[in-house]
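Participant: Below is a structure I'd like to ask you about.
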Amino acid sequence: MEVLILEDETAVAIQGAMLVVELIEKKSNAVLGLATGRTPIQLYSNLINYYKQGRISFEHIQTFNLDEYYGLSENHPSNFRQFMQRHLFDHIDIETTNTHLPNSNSNNPRLVGPAYEALIKASGGIDLQILGIGRNGHIGFNEPSSSLASRTRIKTLTNSTLQDNQLGSGKEELPDMAITMGIGTIMDARRVLLLAVGKNKATPVRNAVEGPISSMSPASALQAHQYVTVILDEDAASDLKLRDYYRWVHLKSEDIKAKYGNFYEIDLLER
Ligand code: PGA
């Protein structure tokens, strides 16, 4: 895992957006995996700025969101489609038909997962998956005990996730089930970008980066992915044992990239 520790939330969002911009500059029809939640909001507003400055276009980009609440109507203000419209899609030149979220209103939720997986496959697969991390270590809505090989499916949310989600949405009652990409789906992305900021993410980040790989800490599965970049602010990195080593590696890898380019990026474009 590549672990970047930056001074604050603003720096995390700038660095995260730069990785997306560099990908779009090299591959104008890239497939992006997107996340909701508080963490990526600043990254999205940076992307909007780069679009408005004319640096990138989303005309040929496709997106797949990690998850969607089960059973909320399409126009409900708390559903993730509305979140994405507000924080990104309404402000860029993306085609709505190229933006995908799991269907939360299907008569048979068990059919939604396989259909979503087929759509991702038909798009050529996700080039870059953006992730936040839950207080309980979840990625997407893959709660602790999720199979590390899971695919897109309906999932019952834990109490801690329900409480966190409720905080963001005021008084209204939110569904206790969601349709989420599985950990196996996320692991198929060519590159994964995990962002975390704030002290309340220090423990899940430590478990994800330095703990044993375990379904009790779903993000720890990423240790087995070939190309993961974890971008943290100082608070989210504060429990990491090898903090100083990661900073040292970051400096060294900047030197290597300047001299020889980024091996993985070359690989990414050729796949
Ligand atoms: P947050 O949520 O970005 O609102 O902290 C992250 C998550 O639950 O995955």
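Participant: Which numbered condition in (1) open to solvent by less than 50 Å² (accessible area, probe 1.4 Å); (2) in a loop (DSSP other than H, G, I, E, B); (3) closer than 28 Å to H250 by Cα; (4) within 16 Å of the ligand (Cβ to nearest atom) is the only one that R38 fails?
Facilitator: Looking at each condition in turn, R38 falls short on (1).
Participant: If I ask for residues that are of a type in the set (A, V, I, L, M, F, W, C) and in a helix (DSSP H, G or I), which ones from region 24-35 would you list?
Facilitator: The answer is I24, and nothing else.
Participant: I've got another one for you. Search region 136-174 for residues being surrounded by 15 or more Cβ atoms within 10 Å (Cβ to Cβ) and away from the ligand (no atom under 15 Å from the Cβ), and hand back the single one that is farthest from S78 (Cα to Cα).
Facilitator: L148
Participant: I've got another one for you. Can you name the residue in region 122-135 that is more than 9 Å from the ligand (Cβ to nearest atom) and not aliphatic (A, V, I, L, M) and, of all such residues, is surrounded by the most Cβ atoms within 10 Å (Cβ to Cβ)?
Facilitator: Among those residues, the one meeting the criterion is Q129.
Participant: Okay, moving on. Scan A17, A30 and give me the residue that is under 19 Å from E59 (Cα atoms), open to solvent by less than 10 Å² (accessible area, probe 1.4 Å) and more than 16 Å from the ligand (Cβ to nearest atom).
Facilitator: Going through A17, A30 in turn, the sole match is A30.
Here is a yes/no grid of residues against (1) closer than 24 Å to A11 by Cβ; (2) open to solvent by less than 10 Å² (accessible area, probe 1.4 Å); (3) away from the ligand (no atom under 16 Å from the Cβ); (4) in contact with a strand residue (DSSP E or B) (Cβ under 9 Å, 6 or more places away or on another chain):
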position: N200; (1), (2), (3), (4): yes, no, no, no
position: V205; (1), (2), (3), (4): yes, yes, no, yes
position: D233; (1), (2), (3), (4): yes, no, no, yes
position: L240; (1), (2), (3), (4): yes, yes, yes, yes
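The values are calculated or read from the model by the stated rules, or taken from the named source; none is laboratory data. All figures in this text were calculated on a predicted structure; none of them were measured in a lab. Here Cβ is always computed from backbone atoms with ideal geometry, including for glycine, and neighbour counts include all displayed protein chains. The accessibility values were calculated without ligands, DNA or RNA, using every heavy atom of the protein model including side chains. Shrake-Rupley method; radii C 1.70, N 1.55, O 1.52, S 1.80 Å.
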